[in-house]
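Novice: Mind having a look at this structure? Questions to follow.
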Amino acid sequence: MSDTPVDSSKRTWLITTGVVGAVGAGALATPFVGSFQPSERAKAAGAPVEVDISKLQPGEKVIVEWRGKPVWVLRRTPEMLATLKNTDSEVADPKSERKAYPTPAYAQNEWRSRKEEFLVVVGICTHLGCSPVDKFQTGPQPSLPDNWEGGFFCPCHGSTFDLAGRVFKNKPAPDNLEVPPYKFLSETKILVGDDSEA
C-alpha cells in the first residue's frame, strides 16, 4: 500500500499531536511532582550548618542553630582540658555509654570530640530542655560546689556539666549533653549536621 498525500498528513498530524500532548503532560506533572519535595524552609531547618572557627580564641564559644537547636562550639584552653581528668570520678557517665543520646564513636573519648581542643554539643539540658549557661570560672560560686572546675550550669533545676558536656552525678539531668553529627571541613571550618566521610 503506497502512501497517499492524505495518509502522510494524518501520520504527521498524529505524531505532532502526540508530541504536543507529551510536552503538555510533562509541563503539568513537573509542578505536581515538585510539590512532593520539602520546601526550602524545611530543607534549611534540617540542613547542615557550616561554622567558621578561624577567629575563635581559646576559651571562647560560638553558638549556631541547627534543626532549631543551639549548638555550642567551644575552643578549650589547655587548662580547661586538664580539668577533665579531675571530673571523671564525679560525672555520671564519664565514657558516654548511655544510649538515650547516643554519642558518635568519634566523640567517645575523654574530651568527647573529634579534636580535643574543640567541644561541639547541643546546648540543651537533657532534663527538661532548658539551656545551660557558661560557668567557666573555677572555684566556689553560688549554686556550684566549692571545687568547681568550670563547665555549664542549668539554672532551671541545677544540673551541672563539665567542660566535655558530661553531667555530674546526682543531678536532675539524666544524660550528658548531646553531641550532634559533625566533621571538620578544614582547620577553620566545621560542618554541623553531617559526619559522613568524604
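Novice: Cα gyration tensor of the range 63-152, axes a ≥ b ≥ c as square roots of the eigenvalues: rounded (a/c below 1.5), prolate (a/b > b/c) or oblate?
Specialist: rounded
Novice: At 1.4 Å probe size, what's the solvent-accessible area of TYR106? Round to the nearest 10 Å².
Specialist: Approximately 50 Å² of TYR106 is accessible to the 1.4 Å probe.
Novice: How are the alpha carbon pair distances in the range 117-168 distributed across 10 Å bins from zero to the largest one, expressed in percent?
Specialist: Each 10 Å bin holds this share of Cα pairs: 26, 58, 16.
Novice: Which order do TRP13, TRP148 take by accessible area at a 1.4 Å probe, largest first?
Specialist: From most exposed to least exposed: TRP13, TRP148.
Novice: Related question: So for the range 81-158, averaging the separation of alpha carbon pairs under 8 Å that are six or more residues apart and normalising by length, what relative contact order in percent results?
Specialist: For the range 81-158, the relative contact order is 21 percent.
Novice: Over the range 84-177, with the other protein chains present, what is the accessible area per residue in square angstrom, probe 1.4 angstrom?
Specialist: I get 47 Å² per residue for the range 84-177.
Novice: While we're looking at this one, here's another question. Count neighbours as other Cβ atoms within 10 Å of each site's Cβ, and list the trypsin sites (Lys or Arg not before Pro) in the range 120-170 that are DSSP loop with at most 12 such neighbours.
Specialist: Of the trypsin sites (Lys or Arg not before Pro), the ones in loops of the range 120-170 whose Cβ has at most 12 other Cβ atoms within 10 Å are LYS169.
Novice: Only sites in a loop by DSSP and with at most 13 other Cβ atoms within 10 Å count here; which GluC sites (Glu not before Pro) in the range 106-198 make the cut?
Specialist: GLU187, GLU197
Novice: Could you list the trypsin sites (Lys or Arg not before Pro) in the range 43-127 that lie in coil according to DSSP, counting only those with at most 16 other Cβ atoms within 10 Å of their Cβ?
Specialist: Hits after loop and neighbour filter: LYS55, ARG67, LYS95, ARG98, LYS99, LYS115.
Novice: Quick check on the range 91-198: take the gyration tensor over C-alpha atoms, sort the square-rooted eigenvalues as a ≥ b ≥ c, and tell me if it's rounded (a/c under 1.5), prolate or oblate.
Specialist: Prolate, because a/c is 1.5 or more and a/b exceeds b/c.
Novice: I would also like to ask the following. Carbon and sulfur atoms: what percent of the 1.4 Å accessible area of the range 67-182 do they account for?
Specialist: Its accessible area is 51 percent carbon and sulfur atoms.
The values are calculated or read from the model by the stated rules, or taken from the named source; none is laboratory data. Small disclaimer: the values here were computed from a predicted structure and weren't measured. FYI the Cβ positions are ideal-geometry reconstructions off the backbone, even for glycines, and counts take in every protein chain you see. These accessible areas exclude ligands, DNA and RNA; they are computed on the full protein's heavy atoms, side chains included. Shrake-Rupley method; radii C 1.70, N 1.55, O 1.52, S 1.80 Å.
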